[in-house]
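As C-alpha cells, the structure follows; a few thoughts come after it.
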Amino acid sequence: MAPLEPWEKVLIAADEFSQTLHGQLPCTACHSGQQGEKDKEIAHVGLVARPSEDFNAYCGPCHTEITDDFRDSLHKTQAGYWTVLEARAGSEDHPELDEMFGNHCASCHTTCGDCHISQPASVGGGFIEGHLFNKTPSLTRNCTACHGSRVGNEYMGKNEDVLADLHFRQGRMACVDCHSGMEMHNSSGYCEECHTGQGLPEVEVVHRYDGPANPDCKDCHPEAVSGSDGNVMHNQHGDELQCQVCHSVTYTSCDSCHVSISDKTGNPKFETAGTYGTFVIGRNPLQSFHRPEEYVVLRHVPVDPDIFAYYGENLLPEFDALPTWVYATPHNIQLNTPQTESCEACHGNPDIFLTADKLSPEELEANLSVIVEEVPDPFGTP
Amino acid sequence: MRKNFVLLAVIVLMTVFAGCGANITVENAPMETATEETVDSSSPKWVLPTDVPEMADECSTCHSDKERLIDTAAPVVEVEEENEGAG
C-alpha cells in the first residue's frame, strides 16, 4: 500500500464534514490543542492526535454499547498473540517477552479511528475520506492494510498465478459482507448468543479461532455442508473435511522469523527466512464441537525456537506445545480446484498431506498432532 | 347588542370553568427525599460543550487548505527499510 503524502494524511473535507453529526463538535472537543491559534506549533500544544486510543473517554459516551464490548476485542487486546506466546513460553511471567511485544507487536492493536476514520497507524495513518467517519471500513485501506500479506493478497489474487477468491472475483464481496461489525467489536459476541451463563457457561475468547467459525461457510451454503445439494463429494466428506480442503488453492506460508532492534537505527526489525506457496492438508489441531472436521488445511507460521533470541536465551522452552503448521482459513476459495478434479487428486497423493517426512527434525515433535500418518488409499485399493 | 351578549356569555363560561381546575395545595405535596443522585441511563453521558468561546476555527481552516498543509508539513524523514522478508 503506497503511503500518503503528509498533507494527504491530514487534509479535512471541511464542507462535507461540517454537515455531519461529528462535524458539529469543535475540533478541540476530541483533539484538544488550541483552536484559535494560527501558528501550527502553538495550535498543536496539547494535541491529541488519536483520540480513540482512549475510546472510552471519546467514543464511549455516545457509543457505549460498542465500546463496552470493544474493551475485550481481540483487535484491541491482541490476546491472540499472548495465547500462543504463553503456550510456548510455558509461563505468564516473561519480562523479556513483554519487552519484545512492546517493540514488535503492540503497534498492531486497533482503535476506533483505525477502522472508521483513518488508515491504521501501523501503515502510516492518514484520513480515508477527509476525516469523515465511515461506518463501513474500506477493504483495502483499513482491513487489508493490516491483514494484507496473507488474507489480502490471497483474497484479491495478488499472489502470482493464483486466482482471487471467488467471493471477490465474482461476488465483489467486501470483508464486511462476511465479517460483521459485532465480530469486529466483540470477539465473544457470537459465543454469547448461546453461552449466556445460564445453561452453557460464559466463555472467554483469547484467540481468533476460539468458538464457532465466523463466518461459517454453511451460513450461506447450508445445502453444501449437509450434502443435500446432491453433490456426491459433499455427501461423502461434508462432515470430516474443512471446506477449504477442497475449495482452497495455494496460499502463503513463512519460515523462521527473527526479531531484533537495529544497531544502526535503533528501530525494531525482523527477518524471515522464506515465504512460499503451500497447500497442505493435515489433522485438525483445533478439533472441537464447533470445529469438528478431522482434516483441515495448515499454514506454516514463521515461529522458530530462536525467534526472540535477541531478547534472551530459551524464551520459548515449551516450543513444542503448539504446532508450527497451524489451522488456516485461506481466503482464496474457488469452486473448482485441483482437489475437486478427481478422487485421485487426494487419494493416494502424498504431496498435499503433511507427513512426517516433510518436517525438519526440530519441528517434528511440535507437529505430531497434525501429521497425517497414512495418506488416504487410492481408489480401487482393497 | 348581540356582540355584548356573546362577550358576556364567554366571561360567564370562563368564570364557571375556572372553578373546575385542580385544587393543588403545594404545602401538602410530598417532599423529595432522595439521598443519592440517580442517573438516567437513557440520557447521554456526554453533552456538547456549551462554553466553547467564539473564535475562528483555525483547525479546519488550516486542515482544509492543501497548500498551507504542504508549506507547514514537517520534513519527511526517510526511514531505511531494515526488515527482510515478508511480514
ask   = In the list A:G148, A:G124, which residue meets the criterion of being in contact (Cβ under 8 Å) with a residue 12 or more places away in the chain, over 21 Å from A:M184 (Cα atoms) and within 14 Å of chain B (Cβ to nearest Cβ)?
value = A:G124
task = Could you tell me whether any residue of the stretch A:41-59 is part of a loop (DSSP other than H, G, I, E, B) and touching a Phe, Trp or Tyr at 6+ places or on another chain (Cβ under 7 Å)?
result = no
Inter-residue pairs, beta-carbon under 7 Å, first over 25 Å from A:D255 (Cα atoms) and in contact (Cβ under 8 Å) with a residue 12 or more places away in the chain and in the stretch A:337-359, second part of a loop (DSSP other than H, G, I, E, B) and open to solvent by 50 Å² or more (accessible area, probe 1.4 Å), 6+ apart = A:C343/A:F379; A:E344/A:P378; A:E344/A:F379; A:H347/A:D377; A:H347/A:P378; A:H347/A:F379; A:G348/A:D377; A:G348/A:P378
task = Check A:V10 against each of (1) under 28 Å from A:S149 (Cα atoms); (2) open to solvent by 30 Å² or more (accessible area, probe 1.4 Å); (3) more than 10 Å from chain B (Cβ to nearest Cβ); (4) in contact (Cβ under 8 Å) with a residue 60 or more places away in the chain and name the one condition it does not meet.
result = (3)
message = If I filter the stretch A:121-129 for residues that are within 20 Å of A:L74 (Cα to Cα) and of a type outside the set (S, T, Y), do I get at least one hit?
response = yes
message = For the condition over 20 Å from A:Q236 (Cβ atoms), under 21 Å from the mean Cα position of the chain (by Cα) and not charged (D, E, K, R), what is the one hit in A:P317, A:P302?
response = A:P302
ask   = Do the conditions hold for A:A43, that is, is it open to solvent by less than 70 Å² (accessible area, probe 1.4 Å) and more than 7 Å from chain B (Cβ to nearest Cβ)?
value = no
Among (1) open to solvent by 40 Å² or more (accessible area, probe 1.4 Å); (2) part of a loop (DSSP other than H, G, I, E, B), the one test that A:H258 misses = (2)
inquiry  = List pairs: first residue in the stretch B:65-87 and at the interface with another protein chain (Cβ under 7 Å from one of its Cβ atoms), second residue of a type outside the set (A, V, I, L, M, F, W, C) and assigned to a loop (DSSP other than H, G, I, E, B) anywhere in the structure, Cβ distance under 6 angstrom, at least six positions apart or on different chains.
reply    = B:E82/A:S262
inquiry  = Within the stretch A:57-75, take every residue that is open to solvent by 40 Å² or more (accessible area, probe 1.4 Å) and more than 11 Å from chain B (Cβ to nearest Cβ) and give me the one that is nearest to A:T111 (Cα to Cα).
reply    = A:H75
remark   = Flagged in the stretch B:71-87 as open to solvent by 60 Å² or more (accessible area, probe 1.4 Å) and part of a loop (DSSP other than H, G, I, E, B), in numbering order, are B:A74, B:P75, B:V76, B:V77, B:E78, B:V79, B:E80, B:E81
request  = Taking only the stretch A:270-285 into account, find how many residues are open to solvent by less than 60 Å² (accessible area, probe 1.4 Å) and touching a strand residue (DSSP E or B) at 6+ places or on another chain (Cβ under 6 Å).
outcome  = 9
inquiry  = If A:S18 meets every condition in (1) within 30 Å of the chain's Cα centre (by Cα); (2) at the interface with chain B (Cβ under 10 Å from one of its Cβ atoms); (3) open to solvent by 30 Å² or more (accessible area, probe 1.4 Å) apart from one, which number is that one?
reply    = (1)
query = Taking the condition modelled with pLDDT under 85 and within 11 Å of chain A (Cβ to nearest Cβ), does B:P49 pass?
reply = yes
note = Expected output for the stretch A:254-271 (first residue on the phi > 0 side of the Ramachandran plot, partner part of a strand (DSSP E or B) and among the polar types (S, T, N, Q), Cβ below 9 Å, 6+ apart or cross-chain) is A:S256/A:T272
task = Report, by residue number, each residue of the stretch A:300-320 that is open to solvent by 30 Å² or more (accessible area, probe 1.4 Å) and under 19 Å from A:H331 (Cβ atoms).
result = A:V301, A:P302
ask   = Within the stretch A:342-354, is there a residue that is within 22 Å of A:E373 (Cβ to Cβ) and under 21 Å from the mean Cα position of the chain (by Cα)?
value = no
Any helices (runs of 4 or more DSSP H) falling wholly within the stretch A:170-237 and containing at least 1 residues that are surrounded by fewer than 16 Cβ atoms within 10 Å (Cβ to Cβ) and hydroxyl-bearing (S, T, Y) = A:222-226
request  = Scan the helices (runs of 4 or more DSSP H) fully inside the stretch A:76-151 and keep the ones with 3 or more residues being open to solvent by less than 40 Å² (accessible area, probe 1.4 Å) and over 23 Å from A:R299 (Cα atoms).
outcome  = A:112-116
Single residue of A:P323, A:P285, A:P305 found to be modelled with pLDDT under 95, more than 14 Å from every other protein chain (Cβ to nearest Cβ) and farther than 19 Å from A:D351 by Cα = A:P305
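The values are calculated or read from the model by the stated rules, or taken from the named source; none is laboratory data. Please read these numbers as outputs of a predicted model, since none were measured by experiment. Positions of Cβ are generated from backbone atoms using ideal geometry, with glycine treated the same way; all protein chains shown enter the neighbour counts. We work out accessible area using only protein heavy atoms, side chains counted, and drop any ligands, DNA or RNA first. Shrake-Rupley method; radii C 1.70, N 1.55, O 1.52, S 1.80 Å.
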